[in-house]
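Single-structure report; data block below.
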Amino acid sequence: MMRTCTICLVLAIAACAPPPGPTTAGHGFTIDDLVDIKHPSSPVWSPDGTRVAFVWDRAGVSNIYVSGVDGGTPRQVTDEPEGLASTPLWSGDGRFVYFMKDGDLWQAPADGGAPSAVWTTPGRESDVVLSPDRSQAAFVRPAPSGGSELCVQAMPNGAARVLAADPKGIGAVAWAPDGARLSYAAGAHGIRHEQTPDYSGAKIIYTITERVAGQAYVVPAAGGRPVAVQGASGGVRWVDNGTVVYDRQSSDFKRRTTYTADARSGAARALREDVDEKFWSIPGNTGAAAQPSPDGKWIAFLSDRDGWDHLYVMAAGGGEPVQVTSGRFEAWRPSWSPDGTRIAFDANLDGKPGTRHLGVATIGGAGTPTATVTMITEGAGTNIAPEWSPDGRRLVYQHTDAQNSADLYVLDVESKGAPVRISDSLPAAIDRSTLVAPEYVTYPGADGTPVPGWLFVPPGLDRSQKHPAIVWIHGDGVNQNYDGWHVQRNYAVYYSFHQYLLQQGYVVFAPDYRGSIGYGRDWRQGVYMDVGGRDAKDAWMAANYLKTLPYVDADRMGVWGLSYGGFFTLIAVTDEPTLFRAGVDVAGVVDYAMYYEDPYHGGWTASRIGTPEEHPDVYEKASPLSHVDRLARPLLILHGTSDVNVPYLHSVRLADELLKKGKGELFEFMTYPGEFHYFTRAHVLRDAWTRVDQFFATHLRGAVSAD
């Protein structure tokens, strides 16, 4: 049983929002301007804490940049026109930024200059990880007899020595704090299964991959016999030089257990466990796993056992965990300071689920931890993913708001000064003053329960007239909308396109149907044994709310969504065939029995609605494919052929079924060769947004709008 410690919640010490971005001139922006929006990720501090290297992506092309903590224009250190930059690494002296290129390690001078190869070898190295003192590099390369081998060599180009090999593969490499050992995972692999359904034909083969778990090991860096870590199938984290920690989730998603293991023997013991009668529902990008403090004294983790995602800390040797944050909000992405005395995190606010701010928990005590929490940002927008500088003085983090897409900021926690912006991702052609801030509202859902949502109204809209409206349904199920720009690149591109649609005179509405994150465990778990039921109704019932607005034309409403949102779009246009004038399905699930039979997704599906044999009635409800004969209004389908999240075969089967039901004149189907689930490449984004723009213009406005 966990106990809650006394919490001292202190008001913001940096009582200021990040400074606004530069004002740009102009009236309206184009789809090409949207393609030019960049997204920063993977910030890494230089050893002296004066600079930050990060990856900046534009339309799927990523390069590495370096910014100083005092701001200014970031310096581009790689220039790969079609490359996908790896997370940058710093040399020990801070003069170079390392990155992977064509299977070799390269370096670029941080202060400017041409990149050059650190080493060039016949094999393709990957998973390069520098030792704590940056004097050695561990990496994975192909083994001569097949599979992979784990190697270590002195930096920059010493002789490589092989520490371990595996016929299936090696990954998740991590150094012990003293550099004497490494942990890694080996043996994980996929089993390829092929499908050639009749409705597609035997000439086209679709594949699904069954995932087989691996085994975690520890091996001396100087060489020796690898030791298997009992019960650990993936990567582990180092508590101290002789102990690792890992989490294990049961196949039914109901039990999540934290273990520590002896690095010398591999023997493990359970430290703590969460059990849920429904399913573990904390999102995967929130840092919920056990995180040991750098001094090896504490282990931090997230739990939702009180109904909300909160930060907990316990002694590394075991004992009763202490709840650090509490309240009707959710704390995510904990990050330990280098000295192990503080944890930075981001949290939303009670009553403001789409706003997130940074907090710092100061951890003290001996066998039982104590905590004092101080919130260090305030104002509009979202602040997420804080990372400490090496000296523990500053944090680099991501900020978004209604006028700014995702950018990186640095905050000096010690001086309590204003945040410093170190990137600017919006192109100059986009006038920030014209961007529309969302309004947070609620409306009655499927069973009368209030459903949160976000209303966007074009500035200067003539409210004495009626205008077309579009309902956007976010994907993932476990995702949400924010009070401004979405924090994830994959959904930020949709947010930016909605700003474009607002220019065209549409009202836009984005519901956070049950299952969405940011609203506590019960809202997330509202889909249990009901996927495609009340959650889908919550989404399409946003149209009922729009009908109450005197400036919305109830006969000119559209609906669209990605992935889970595409699934809900298909339910909306078949369960309520005349509610929406037109719909757009982007890579939506068409039948959850199909989704369950894909081993990559089977566990996720079964945790929420069991198996098709156990609950055929639930699966029938989760299959818009079974009633596409009800489609009465135009539907546009977009899907990439390389999609692994929702396999392309879903849309192929949907098109076939629509044709069989005589609906050929009602749908359009655009295939994007080689594109993944989240559209990234410039030519795909440009085509997709143009098609959606023209489709809605034709069916909601009666004419094609000009870009």
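So, with +1 on the Cβ of K and R and -1 on the Cβ of D and E, and no other charges, what is the size of the charge dipole of the chain about its Cα centre, to the nearest 20 debye?
600
Roughly how many whole Å is it from the C-alpha centroid of the stretch 430-485 to that of the stretch 525-558?
Centre-to-centre (Cα) distance: 12 Å.
Any idea how far apart R432 and A554 come out in nm if each label point goes 7 Å out from Cα toward Cβ?
Calculated label separation equals 4.1 nm.
Which one of P577, H650, S626 has its Cα pushed farthest toward the positive end of the charge dipole of the stretch 569-667, where Lys and Arg give +1 and Asp and Glu give -1 at the Cβ?
Final value for the positive-end residue is P577.
At 222 nm, what helix-only mean residue ellipticity would the chain give, in deg cm²/dmol to the nearest 500, using -39500 (n - 2.57) for each DSSP H run of four or more?
After summing the helix terms and dividing by residue count, I get -4000 deg cm²/dmol.
With point charges of +1 on the Cβ of Lys and Arg and -1 on the Cβ of Asp and Glu, referenced to the Cα centre of the chain, which listed residue (L700, I343, H467) lies farthest in the positive direction of the dipole?
After comparing all options, I get I343.
With every protein chain left in place, what is the accessible area per residue of the chain in square angstrom, probe 1.4 Å?
With all protein chains present, the chain gives 38 Å² per residue.
Kirkwood Rh over Cα pairs of the stretch 80-170 into Stokes-Einstein at 25 °C, 0.890 mPa s: D in µm²/s?
Stokes-Einstein gives a translational diffusion coefficient of 179 µm²/s.
With only Lys, Arg, Asp and Glu charged, each at its Cβ (+1 for the first two, -1 for the last two), find how big the charge dipole of the stretch 548-707 is about the Cα centre; round to the nearest 20 debye.
That gives a dipole near 460 debye.
Which is farthest toward the positive dipole end of the chain among L636, G266, G445, measuring Cα position about the Cα centre, with Cβ charges +1 (Lys, Arg) and -1 (Asp, Glu)?
Checked the options; the winner is G266.
What does the charge count near E613 come to, summing +1 for each Lys or Arg and -1 for each Asp or Glu among other residues with Cβ under 14 Å from its Cβ?
Taking every other residue near E613 into account, the sum is -4.
Please list log₁₀ I(q)/I(0) at q = 0.12, 0.27 Å⁻¹ for the stretch 399-452, using the Debye equation with identical point scatterers on the alpha-carbon positions.
-0.52, -1.05
Can you pull out the trypsin sites (Lys or Arg not before Pro) in the stretch 396-485 whose DSSP state is coil and whose Cβ has at most 14 other Cβ atoms within 10 Å?
Counting only loop positions with at most 14 other Cβ atoms within 10 Å, the trypsin sites (Lys or Arg not before Pro) in the stretch 396-485 are K416, R463.
Only bridges whose two residues both fall in the chain count here: according to DSSP, what percent of them are antiparallel, nearest 5?
Of all bridge pairs located within the chain, approximately 80 percent are antiparallel.
For L271, enumerate residues with amide H under 5 Å from its amide H, sequence gap 5+ or separate chain, H modeled in the peptide plane.
T258, Y259, T260
Based on alpha-carbon atoms only, what is the radius of gyration of the chain relative to the globular estimate 2.2 N^0.38 Å?
0.96
To the nearest 20 Debye, how big is the dipole of the stretch 471-556 about its Cα centre, given +1 on the beta carbon of each Lys and Arg and -1 on that of each Asp and Glu?
My answer is approximately 60 debye.
Quote the relative contact order of the chain in percent (integer), defining contacts as alpha-carbon pairs under 8 Å separated by 6+ residues.
It rounds to 11 percent for the chain.
Could you tally the net charge around A222, taking each other residue with its Cβ under 11 Å from the Cβ of A222, Lys/Arg +1 and Asp/Glu -1?
+2
Under a 5 Å amide H to amide H cut-off, with H placed in plane at 1.01 Å, what residues pair with D643 once short-range neighbours are removed?
So D643 has HN proximity to Y648.
The values are calculated or read from the model by the stated rules, or taken from the named source; none is laboratory data. Only a predicted model underlies this, so the values are computations on that prediction, with no experimental measurement involved. Positions of Cβ are backbone-derived with ideal geometry, glycine not excepted, and every protein chain shown enters the neighbour counts. Accessible surface areas use protein heavy atoms only, side chains included; no ligands, DNA or RNA. Shrake-Rupley method; radii C 1.70, N 1.55, O 1.52, S 1.80 Å.
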